[in-house]
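Read the structure below first, then the notes.
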Amino acid sequence: MKDNKNNSILLSHGDGGVKTGRLISEIIGPALKNNILDRLEDSAIIPCRGAKAAFTTDSFVVSPLFFPGGDIGKLCVCGTINDLVTSGCRPAALSLSFIIEEGLDINVFKKVLESIKNTLEEAGEGIKIVTGDTKVVEKGNADKLFINTSGIGFIEDGPGISPSNIKEGDNIIINGNIADHGICILNCRQEFGFKADIKSDCAPLNSLVKDIKDAAGSGLHALRDATRGGLARVLIELSGSSKMNFDIYQDKIPIQRQTRGICEFLGMDPLYIANEGKMVVFAEEKNSIRILDAMKKNRYGKHSAIIGRVKGIKDKNRNASVTLITELGTKRVLDLHYSEQLPRIC
């Protein structure tokens, strides 16, 4: 890779920033190139004997394994379901594979399994674990427990949901407070001694997306869950793939006071900090209030807000961009970060 003189994988290649993008575009993408993978969406839609199926995969290496609001078991279920529903599908089944470090307390493993079961029940809709695998490696060759999941869902009749459908004039909506998950993990690691009571936002968002679809009709254009790299990464990626400019209003972005305070103290930008229960919605302006009302009635969307607008492209010779309108009224173009703020947050 052009930015890596040592020719080795760095922590920053896994944080959702510039180096992650280059790892995908320069190494992984060319090696595995095909017309479905090239779209780089959270779940791939594939033909399935006349129907359409959505398929996704993810791996989880969070440290610590347990944290306020969740654990690696809850995280793996929520992360996979949330990736699936960004395509508008109904999640059906998940695979579940463990890589376990020799010496892991069996009671810890049982606790993770119980959390997986409880999260599937929370998600509902009959979603099941239908296949899996377990490997144990020598002590020191992994850190306690890693999980890989894949998920499949089915696309029901209705308008397509894809970044390619984003249109000028769309409103941009998010379902609540940003940056809680990343700051929760940081706080759990006790690197700075904060006594803040911040919980991860980890949640399965399939019921929220169903409510959004029911309220939106044909006015829903795109969905994306804001995980690694935070809200900023999602906006920058979708601006690029849709070739549209976005204006985002800082004073409209929901964030808890404690989370904001820790970010300011550490000099961290909450826009770039991971979430595990946040969905970014692109919808026609005329349907936005109805969608917003539906989101606020869902348990996972009580603090939903319209945070921006799709502006379109004025100069086709320039790349699309995301502009943050700050609380002072100044403007800042958002760029992907080159180095990690928080490794192993999911």
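I'm told Ser288 meets every condition in (1) in contact with a Leu (Cβ under 8 Å, 6 or more places away or on another chain); (2) under 15 Å from Lys252 (Cβ atoms); (3) among the polar types (S, T, N, Q); (4) surrounded by 19 or more Cβ atoms within 10 Å (Cβ to Cβ) except one. Can you identify the failing condition by its number?
Evaluating Ser288 over (1) in contact with a Leu (Cβ under 8 Å, 6 or more places away or on another chain); (2) under 15 Å from Lys252 (Cβ atoms); (3) among the polar types (S, T, N, Q); (4) surrounded by 19 or more Cβ atoms within 10 Å (Cβ to Cβ) leaves (1) as the failure.
Filter the stretch 190-226 down to residues that are farther than 23 Å from Asn171 by Cα and more than 22 Å from the chain's Cα centre (by Cα) and give me whichever is surrounded by the most Cβ atoms within 10 Å (Cβ to Cβ).
Here the answer is Phe194.
Within the stretch 250-266, can one find any residue that is within 25 Å of Ile155 (Cβ to Cβ), aliphatic (A, V, I, L, M) and not assigned by TED's automatic domain parsing to the domain that holds Phe67?
Step one: list which residues in the stretch 250-266 are within 25 Å of Ile155 (Cβ to Cβ), which gives none.
Taking every residue of the stretch 250-266 in turn, none turns out to be within 25 Å of Ile155 (Cβ to Cβ), aliphatic (A, V, I, L, M) and not assigned by TED's automatic domain parsing to the domain that holds Phe67.
Take Ala294 and decide whether it is surrounded by fewer than 24 Cβ atoms within 10 Å (Cβ to Cβ) and either assigned to a helix (DSSP H, G or I) or touching a residue at least 24 places away in the same chain (Cβ under 8 Å) (or both). Give the steps one after another, and end with the answer.
Working: surrounded by fewer than 24 Cβ atoms within 10 Å (Cβ to Cβ): yes; either assigned to a helix (DSSP H, G or I) or touching a residue at least 24 places away in the same chain (Cβ under 8 Å) (or both): yes.
Yes.
At least 1 residues that are at pLDDT below 95 and within 28 Å of Met295 (Cα to Cα) in each: list the strands (runs of 3 or more DSSP E) lying fully within the stretch 126-215 that qualify. Give the derivation first.
On the way: elements: 128-137, 145-154, 171-174.
Correct list: 128-137, 145-154.
Failed condition for Ala274, given (1) in contact with a Ser or Thr (Cβ under 8 Å, 6 or more places away or on another chain); (2) assigned to a helix (DSSP H, G or I), with all others met?
(2)
Is it the case that the stretch 58-80 has a residue that's touching a strand residue (DSSP E or B) at 6+ places or on another chain (Cβ under 6 Å), surrounded by fewer than 16 Cβ atoms within 10 Å (Cβ to Cβ) and either at pLDDT 95 or above or not aromatic (Phe, Trp, Tyr) (or both)?
Checked the stretch 58-80: at least one residue is touching a strand residue (DSSP E or B) at 6+ places or on another chain (Cβ under 6 Å), surrounded by fewer than 16 Cβ atoms within 10 Å (Cβ to Cβ) and either at pLDDT 95 or above or not aromatic (Phe, Trp, Tyr) (or both).
Search the stretch 92-112 for residues being small (Gly, Ala, Ser) and within 21 Å of the chain's Cα centre (by Cα), and hand back the single one that is nearest to Asn141 (Cα to Cα).
Ser97
If you scan the stretch 153-165, which residues turn out to be crowded, with 22+ Cβ neighbours inside 10 Å and within 27 Å of Val322 (Cα to Cα)? Before the answer, list the steps.
We begin by selecting, within the stretch 153-165, every residue crowded, with 22+ Cβ neighbours inside 10 Å; these are 153, 161, 163.
Correct list: Ile161, Pro163.
Only one of Phe60, Phe66, Phe55 is under 21 Å from Leu223 (Cα atoms) and of a type in the set (Phe, Trp, Tyr); which? Give the steps one after another, and end with the answer.
Details: Phe60 fails: under 21 Å from Leu223 (Cα atoms); Phe66 fails: under 21 Å from Leu223 (Cα atoms).
Going through Phe60, Phe66, Phe55 in turn, just one is under 21 Å from Leu223 (Cα atoms) and of a type in the set (Phe, Trp, Tyr): Phe55.
Go through (1) within 18 Å of the chain's Cα centre (by Cα); (2) under 17 Å from Thr326 (Cβ atoms); (3) surrounded by fewer than 22 Cβ atoms within 10 Å (Cβ to Cβ) and name the single condition Leu271 misses.
Against the list (1) within 18 Å of the chain's Cα centre (by Cα); (2) under 17 Å from Thr326 (Cβ atoms); (3) surrounded by fewer than 22 Cβ atoms within 10 Å (Cβ to Cβ), Leu271 comes up short only on (3).
Can you give me the number of residues within the stretch 237-261 that are in a helix (DSSP H, G or I) and surrounded by fewer than 21 Cβ atoms within 10 Å (Cβ to Cβ)?
Step one: list which residues in the stretch 237-261 are in a helix (DSSP H, G or I), which gives 237-242, 250-252, 257-261.
Retained after the next criterion (residues that are surrounded by fewer than 21 Cβ atoms within 10 Å (Cβ to Cβ)): 237, 240-241, 250-252, 257-258, 260-261.
Residues flagged as in a helix (DSSP H, G or I) and surrounded by fewer than 21 Cβ atoms within 10 Å (Cβ to Cβ) within the stretch 237-261 amount to 10.
Scan the stretch 146-166 and report the pairs whose first residue is in the same structural domain as Phe109 (by TED's automatic domain parsing) and more than 22 Å from Asp38 (Cα to Cα) and whose second residue is at pLDDT 95 or above and assigned to a loop (DSSP other than H, G, I, E, B), with Cβ atoms within less than 6 Å and a gap of 6+ or a chain change.
Phe146/Val61
If you check Asn118, Asn177, which single one turns out to be assigned by TED's automatic domain parsing to the domain that holds Gly229, of a type outside the set (D, E, K, R) and within 29 Å of Val280 (Cα to Cα)? Explain how you work it out, then say what you get.
Working: Asn118 fails: assigned by TED's automatic domain parsing to the domain that holds Gly229.
The match here is Asn177.
Among the residues of the stretch 132-144, are any surrounded by fewer than 19 Cβ atoms within 10 Å (Cβ to Cβ) and touching a helix residue (DSSP H, G or I) at 6+ places or on another chain (Cβ under 8 Å)? Lay out the reasoning, then the answer.
As a first pass, look at the stretch 132-144 and keep what is surrounded by fewer than 19 Cβ atoms within 10 Å (Cβ to Cβ): 132-144.
Checking the rest, the ones that are also touching a helix residue (DSSP H, G or I) at 6+ places or on another chain (Cβ under 8 Å) come to 144.
Yes: one or more hits.
The values are calculated or read from the model by the stated rules, or taken from the named source; none is laboratory data. Keep in mind it's a predicted model, so treat the numbers as computed, not measured. Here the Cβ is made from the backbone with ideal geometry for all residues, glycine too, and neighbour counts use every protein chain on show.
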